[in-house]
Every structure is written in structure tokens, then in C-alpha cells.
1. Polar (S, T, N, Q) and out of contact with any helix residue (DSSP H, G or I) (no Cβ under 9 Å at 6 or more places or on another chain) - does that describe any residue in the range 310-323?
2. Considering only residues that are of a type in the set (D, E, K, R) and either part of a loop (DSSP other than H, G, I, E, B) or within 16 Å of Asp46 (Cα to Cα) (or both), which ones fall in the range 338-366?
3. Listed residues Ser318, Ser274; which is closer than 27 Å to Phe93 by Cβ, modelled with pLDDT of 95 or more and hydroxyl-bearing (Ser, Thr, Tyr)?
4. Any residue that is closer than 30 Å to Phe127 by Cα, in contact with a Ser or Thr (Cβ under 9 Å, 6 or more places away or on another chain) and aromatic (Phe, Trp, Tyr) - is there at least one of those in the range 380-401?
5. Yes or no: Val380 crowded, with 17+ Cβ neighbours inside 10 Å, touching a residue at least 60 places away in the same chain (Cβ under 8 Å) and outside the structural domain of Phe84 (by TED's automatic domain parsing)?
6. Output the residue which, of all residues in the range 209-259 that are in a helix (DSSP H, G or I) and aliphatic (A, V, I, L, M), is surrounded by the most Cβ atoms within 10 Å (Cβ to Cβ).
7. Six or more apart or on different chains, Cβ under 9 Å: which pairs go from a residue in the range 28-51 that's within 15 Å of Asn325 (Cβ to Cβ) and loosely packed, with under 11 Cβ neighbours inside 10 Å to one that's at pLDDT 95 or above and hydroxyl-bearing (Ser, Thr, Tyr)? Could you list them?
8. Where in the range 90-158 are there helices (runs of 4 or more DSSP H), lying fully within it, with 2 or more residues that are without any contact (Cβ under 8 Å) to a residue 24 or more places away in the chain and more than 19 Å from the chain's Cα centre (by Cα)?
Amino acid sequence: MRCVRFCRKAWPVVLLLVLSLLGAAQAVAAARKTLELATYGDPIVDGEVWAQIKAAFEKRYPQYELKITVTPYVDYISKLTTLFAGGQAPDVFQTWAQYKPAWAEDGLLLDLTSRVEKSSLVPLREFFPVVEEMIRYKGRIWGTPHDFSAMIWYVNVDLLDDAGVPVPGMRWTVDDLRAAAMKVVRPERQIYGTTNPVGWGGLNNLQWTYNFTGHYWLTPDGSDVAVDDEGTARMLRFWYEMVWKYKVTPPPSMNWDTKNSWNGYVGLWEAWLSQFRNLEEVRRGREAAGRKMFRWTILPFPAGPYAQADFAQGHMWSIPANHPNPDDAWKLAEWLASREAEVIFTRNQKAQPLRPDEELWDSWLSFLPRAQAQQLKVWVLQYLFGTGIAKNFNYWRTYNEMASVMSVHLVNIFSHQRPIENEMKAAAAEMRQILKRQKK
């Protein structure tokens, strides 16, 4: 009886307390600041990993609500530049390596040098040395690192064995590549020794140009175009002969699907280190069809006349230069490059580790058999990133324009068999005009 009387008297107090707590919770929720993150990818395929990122960030920083927009690759840059133009840039966005120079020079990116150098959450000493290079431009830091990788060579060991070719050693050369490809090719079975990586104006062409000449498309000081020199012509002749004389690559007229390399129809091919996952998907598909997976391994780039360097690059998490509250945005940009966030990216194979951290690499390679994962981890940590052959490439402001020019003339060479020297002379003339306009 006393309980009933007590409860009747107490329930208004309890109700008041509940309402008070509810109001407080609503007030906290209303007080949370929204941070917008823009990145690219497949919104459906990548949905789970970004959900994990959102949950982890909001748990660490409950004062923020994270809104993530994932845009397909082909639309990302145009969408982002439209947002810039309209003064609606997100709080943090992914800056691609190709756009870092122009966006930094145009004043679109906030200079994060002092913030990064003082950060205890993302100390630069934790990263591979080459990673630090990717976030710098003209001595300043314009973002926190993300999505770094290096180009390497993959080897289908079974195809080489069938042709009686031993797997090349780490110091292999372009001549070794040609010799192996000539023995592996079986066009009647649509099996090729390799594929042509330099037939378009992109990063693969840049890497091969450097290993043959010591420069990219420009002279080392960036003052002039260099694609019309003998070294570049020599590199292009090497690949022209691979395509047309030795016919070890798919012919230009063939509608060649790059998946064929991963599916076992090419002896040696180049691709990103971060594309390991493709081979696991092939293995699962083969096993589901009752087929055995082919044996494979990896190699560095073959040595050219000048160098044996592996092209590397990475993107950044950047903040708009005119951000009204950069301290808030920095919390997100900093955390996205933290080890806490990297654990999420690596366990989902969304991005390879940026640090020489064995636990992270074990996580990223966990889809492979243990012995093979251990072997590859040692190779990556001690050789690829440990000896400095992974060379970070810094794009220049006019790269995208020049890539379009190069692509036209490279198609003329490899598809229409026009003289290399003539095409590179014409390409150089057009590129010099681009460089001249940029210098004005």
C-alpha cells in the first residue's frame, strides 16, 4: 500500500527526470557538428567499409556527425571541381596525386604543414619515407596520406614453366623480359608473353620513360619537354618491336580485356601492388568451377638502361583553403590517416598499409595462404620499400593536358604504325605550347 502511494507520488518526478534526460540527449544530438567527407569508389561495394569508418570516427569524436559521399571514379573530379566553383566544397576530400600541383597552386588546398608535423596521431616517422613525399608539394604539406601504392610486375609461374623459362631474379632487365615473353607467347591459344604498358599517355609510360632516360616527359628541372629525345625513342622502339616484330603482346586491334592477365593468359604483366586482391578473386572463381589456381609471384620493374625504379604514388585527405572552421576539419583529416583508421582500411582490403607495420600487412594479406603471405610481406617491407626502389612520382601542373597529347601520338605509333620520331616530335611541339601557356 505504501509502495502504491509512494509510486503515485514519485512518478511525476521520474517522468520529469526521463524528460530531462531525453531533452539533454536531444540537445547533445542537436549540438553535434556535421562533417562532410568526399571520396570516390563504388557506393554499394564500398558501403560497409565507409560505415565502419563513420562509426569509428564518431565513437572517437562524439561531438561530430560524419556524412560520407562516395562518387564513382569517372565522376569524382568533375563533381568536386563543381563544388569548389560553387563555394560548397566538403570539409575533407580526397585529392588525387594528378591534381595536387594545380589545386595547391590555385589556392584550393589548406596548407597543413604545421598541423601534420606536430601531430601525435599521424607522426610522419610512422610512415614509409616515400609516403611522406606524396603529401608534399614545393616544400609544403597539403594533406594527410591515403591510398598509396607502387607499380610492380606479376608473374604467372605456370606459363613460364610450360615454356621452360625460369622466373627472373630481382635484378632482371628489359632484355630478360623480352626473352621470356618471346618463349611464353602462344597466340593460337590467346596466351601472350606480356601486355603493352606504354601505349597510352599515363603513368605506365612515365615509368618506362624514366627507367630508359632518367627523366619523365619533361626535363628534370621541368623547364622543357623531353619526349623527343633518343632515350624516349629507344624505349618506344623496344615496345613497338614487342608489339609488331615479336608479337608477344595482344595486337592493338584485339579488344583485349585487362582481366585476361589476372585470369591466367599472360606470362608477365605490370599492375599496382594494391591489386593483389584480384588474384584471390580469380582463385575463388577457379575453385568454384573445379579448376586449379595457377602459381604466381611478383617482381620489381625490369631494369632499363638508366634505372630500375618502381613507380609509386598516393592520394591525400585535404581541407579547403577557405574552410571557416579548419580545426574541426583537421580532426577528420588527421584521424583518417591514423593507425585506427588504417586498421579498418586494411582489414577490408580497401587500401594497402602506409606504415611498415607487420600487423597491418598481415591483416591486408590475410586472404592469401600463410606461407605466401609471409613471403610477400617480407619482399614488400624489406625490398620494395626497404631499399628505395619504390620511387614516388610527383606530377606537374600541366600533366593532364600533356597526357591527352601523348595518348593521341602513342595511338598513332602503336595502332597506326606511324614513325616514332615523327610522332614524338609532333607531341613535343604541342606539349611545349602547353608549357609556354602555363608559364605566362
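1. Taking every residue of the range 310-323 in turn, at least one turns out to be polar (S, T, N, Q) and out of contact with any helix residue (DSSP H, G or I) (no Cβ under 9 Å at 6 or more places or on another chain).
2. Of everything in the range 338-366, those that are of a type in the set (D, E, K, R) and either part of a loop (DSSP other than H, G, I, E, B) or within 16 Å of Asp46 (Cα to Cα) (or both) turn out to be Glu342, Arg347, Lys350, Arg355, Asp357.
3. Ser318
4. Taking every residue of the range 380-401 in turn, none turns out to be closer than 30 Å to Phe127 by Cα, in contact with a Ser or Thr (Cβ under 9 Å, 6 or more places away or on another chain) and aromatic (Phe, Trp, Tyr).
5. Yes: the conditions hold for Val380.
6. Ranking the qualifying residues of the range 209-259, first place goes to Leu236.
7. Partner pairs satisfying both residue conditions: Thr34/Tyr64.
8. 113-118
The values are calculated or read from the model by the stated rules, or taken from the named source; none is laboratory data. Nothing here was measured: the structure is a model prediction, and the numbers come from that model. As a convention, Cβ positions derive from the backbone with ideal geometry for all residues, glycine included, and neighbour counts pool all protein chains shown.
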